[in-house]
Amino acid sequence: MHTVGVAAPGIDGWSEGRSLLANGCGYQGGGEPQLRAGSLLPANERRRITPTIKLALQVAMEAVQSTDNDAQRMGTVFATSTGDIDLLDRICRTLALPDRAVSPTQFHNSVYNAPSGYWAIACGSRMPSSTVSAFEGSFAAGLLEAAAQAVVDDIPILFVAYDTASPQPLGRVSGCAVPFACALTLSGVPRAARDVALRLELVCGEVEDRMENPQFETLRSAAPAARSLPLLRALAAGDDARIVLPYVGERQLSVALSPP
Amino acid sequence: MRAFTLTTALGAGVQANRESLRQRASGLRPCDLADVSLDTWIGRVEGVEDTPLEPALAKYECRNNRLAGMTLAQDGFEQAVAAARERHGAQRIGVFIGTSTSGSLHVELAYRALDPVTGDLPASFLYPYTLSAMSVTRFVCERLGLHGPAMSVSTACSSSAKVFASAYRHIRVGNCDAAVVGGVDSLCLSTLYGFHSLGVVSSSPCRPWDAARDGMNVGEAGGFCLLERAEPGDRGALALLGYGESSDAFHMSSPHPEGAGAAMAMRRALHSAGVPAAEVDYVNLHGTATLVNDAVEDRAIADILGIGTPCSSTKGWTGHTLGAAGAVETLFTALSITDEFIPGTLNTRTVDPGLSARIVLDGYDVPVRRALTNSFGFGGSNCSLLMGTIP
């Protein structure tokens, strides 16, 4: 792993996120993250993107800006549990009306891989991209997929996990109440002295890691993409660690970190 | 490709589908989905309304999972998976399913029944088991008793082709020894009205590559395949030989006009398999019958394979099954190899003289050793898979 991007309530970027996580008790939640990534796109595309798309692009942009890897040469893996659930709500309300006037832009933006498509347009990259989902295991499943691609296809991978706040009535049932996104750049082999080695393993019957800070723990539970927080905390601390993340059914994903 | 099964507008199971391909019997019908008043044709699976899920899995109730359940029940597929589970262990079998609709129809209907006072969804609406993109994958895991790596892939029309590539990688790095891959998408208002709003839907049965083609038809389907690492004794067996993936980086709903992304996916598939273009005996086209897709895909075919390779689109039989198209058409391509039969292209009368690919209109018997299938989706997501018999 090379670099990190993050955007969450009260966390605008890895620089801020890293000190809050390393500190442990300073996090108080906060306002919605600032999203500036629309500037990556030409004006006609920028007009069309939704807040969910901006959220995913924001952390992608951050992770890529601080790496030596050319964004154009990186494959991408996006992981989300709820997709653009905000847009889905609007489409469903439209379809409940007699004339069902779904707009073409709404429709093509509603695919789970919309952020992936806009990111490719933004950096002019024809590298492969995938978008995966595994409910609360979406971050872990995405990380496992990104790692497999990095190793087997031998390409650097930008991995982005994101979930947007669900509007009501879906908010009560979707498992996602706040926006959260994070991104990691990964390769199958180390490239720089500051790279962190990650070893991934699917395990069974282990207990997922929680956050000690109650505000961070609330955040971790409030968005599937935020299940990544224990890993981000370990990255911030910079020590050897083994993190257990929720995956699917009775399985968990263990991530062993060896910083340089 | 140890075992496979599919259920489409042509019927439930491999036999019904292969017979329809041979007999040129389309599964398309004028759109009769409840409450939809669009002038179009659809590929609708018969009997979904009459096939509830078993009580133990009732929480998964929605059209998409019913279709998944109906599909799994055919061709001894569940038994083949059970045997693989015996061989490797339940935790060593992955499940990777592509879907774009998931339980869309279910939530669309729920929004018509919101509580008039609170605005809440009906209490019976269970997001994780119906609308969540992961729902169909969880359903398959639970139905088949599998506990290995699992996820849904949701990349529009390339979803259930990409799962084959994912499974290959997870088996290769040792996360599992076998995998159930597939795709399930079902008819819903979002896709019917959504594609209609883009002006890409035909009011007739679709005519891929036709000079007078005027758009696609939406379909629904399920398709599953059991992939397992090849053993020495598998010489001559049907296998995934290679995969290629790419992005168009052009536009969310229009492909790159020169087919650059499509060509890249095809080139990568051939390269990954170490198979030269000249050895491809058949291509199952993405072939949606929109003006743009067919023109662009034609350029990519000419670029990578030239104008001699037999190609056809099977969407005139099933419609465009979206998130299930990758799996369904991969399995049609597999059948071209096992059955030594290249299917034709239904409804097409006159191939567009401006296009150059060698389009097969009437199917014919011929040995097929290496065949390619293309799946290209919104957001410029491209995937090509090469399959053949293991040398």
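Structural remarks
- Degrees between helix A:114-123 axis and first principal axis of chain A (Cα, 0 to 90, nearest 10): 70 degrees
- Separation of alpha-carbon centers, the stretch B:78-138 and the stretch A:179-223, rounded to whole Å: 26 Å
- Estimated [θ] at 222 nm from DSSP helical runs (n ≥ 4, -39500 (n - 2.57)) normalised by residues in chain B, nearest 500: -9000 deg cm²/dmol
- Surrounding net charge for A:Arg210, when Lys and Arg each add one and Asp and Glu each subtract one, Cβ distance under 14 Å: -3
- Added length on full extension, which subtracts the Cα-Cα distance from 0.36 nm per residue, B:Glu340 to B:His271: 22.4 nm
- The overall shape of the stretch B:136-284, judged from the alpha-carbon gyration tensor, is oblate: a/c is not under 1.5, and a/b is no greater than b/c.
- Computed on chain B, with alpha-carbon pairs under 8 angstrom and 6+ residues apart, the relative contact order is 22 percent.
- Exercise: per-residue mean of other protein chain Cβ atoms within 10 Å, A:188-199: 0
- Where B:Arg213, B:Arg24 fall by accessible area, highest first, once all protein chains stay in place (1.4 Å): B:Arg24, B:Arg213
- Normalised contact order of the stretch B:47-186, rounded percent, pairs of Cα under 8 Å and 6 or more residues apart: 35 percent
- Look at the Cα gyration tensor of chain B: its axes a ≥ b ≥ c give a/c of at least 1.5 with a/b at or below b/c, and that counts as oblate.
- Label-to-label distance, nm, for residues given as B:Arg369 and B:Ala90 (7 Å Cα→Cβ offset): 4.3 nm
- An ellipsoid equivalent to the protein assembly as shown, defined through the eigenvalues of its Cα gyration tensor, has semi-axes of 37, 27, 24 Å when rounded to whole angstrom and sorted largest first.
- 10 Å Cβ neighbours from other chains, averaged over peptide A:120-126: 6
- Proportion of all alpha-carbon pairs of the stretch A:146-200 beyond 17 Å (%): 52 percent
- Accessible area, probe 1.4 Å, largest first, for residues B:Arg268, B:Arg299: B:Arg299, B:Arg268
- A straight Cα-to-Cα reach below 29 Å connects A:Lys54 with the lysines B:Lys162, residues fewer than 8 places away in its own chain not being considered.
- The stretch B:1-133 shape via C-alpha gyration tensor axes, a/c threshold 1.5: oblate
- Mean-position separation - Cα centroids, the stretch B:268-298 and the stretch A:1-31, in angstrom: 46 Å
- Folded to 0 to 90 degrees: helix A:138-152 orientation relative to chain A principal axis, Cα: 70 degrees
- A:Gly30 sits among other residues whose Cβ lies under 12 Å from its own Cβ, and their net charge, with Lys and Arg +1 and Asp and Glu -1, is -3.
- Working from label points 7 Å from Cα in the Cα-to-Cβ sense, the B:Ala237 to B:Glu19 distance is 2.9 nm.
- Take each residue in B:153-166, count the other chain C-beta atoms within 10 Å of its C-beta, and the mean is 5.
- In plain terms, if you count all Cα to Cα distances in chain A and split them into 5 Å steps from zero, the share in each step is 1, 6, 14, 19, 20, 17, 12, 6, 3, 1, 0, 0, 0 percent.
- Listed residues A:Ser125, A:Ser166, A:Ser138, most fluctuating in chain A (Gaussian network, C-alpha, under 10 Å): A:Ser125
- Taking the average, over residues, of other Cβ atoms within 10 Å as the packing measure, peptides B:54-66, A:74-86 rank A:74-86, B:54-66 from highest down.
- For the stretch A:135-260, Kirkwood radius (reciprocal of mean inverse C-alpha pair distance, Å): 15.2 Å
- Backbone geometry of the stretch B:119-130 corresponds, through the Karplus equation with coefficients 6.51, -1.76 and 1.60 at θ = phi - 60°, to 3J(HN,Hα) couplings of x, 6, 5, x, 4, 6, 7, 10, 3, x, 9, 10 Hz, x marking Gly and Pro.
- Surface composition of chain A: carbon and sulfur atoms hold 49% of the protein heavy-atom accessible area at a 1.4 Å probe.
- Put the Cα centre of the stretch B:220-243 next to the Cα centre of the stretch A:106-143 and the gap is 27 Å.
- Rounded to the nearest Hz, the phi-derived 3J(HN,Hα) couplings of the stretch A:163-177 under the Karplus curve 6.51 cos²θ - 1.76 cosθ + 1.60 (θ = phi - 60°) are 8, 9, 5, 7, x, 6, x, 5, x, 6, 10, 7, x, 9, 10, where x marks glycine and proline.
- Within the stretch A:1-144, the proportion of Cα pairs with more than 26 Å between them is 29 percent.
The values are calculated or read from the model by the stated rules, or taken from the named source; none is laboratory data. Predicted model only: the values in this text are computed from it and were never measured. Positions of Cβ are backbone-derived with ideal geometry, glycine not excepted, and every protein chain shown enters the neighbour counts. Side chains are part of the model used for accessible areas, which takes the heavy atoms of the whole protein and leaves out ligands, DNA and RNA. Shrake-Rupley method; radii C 1.70, N 1.55, O 1.52, S 1.80 Å.
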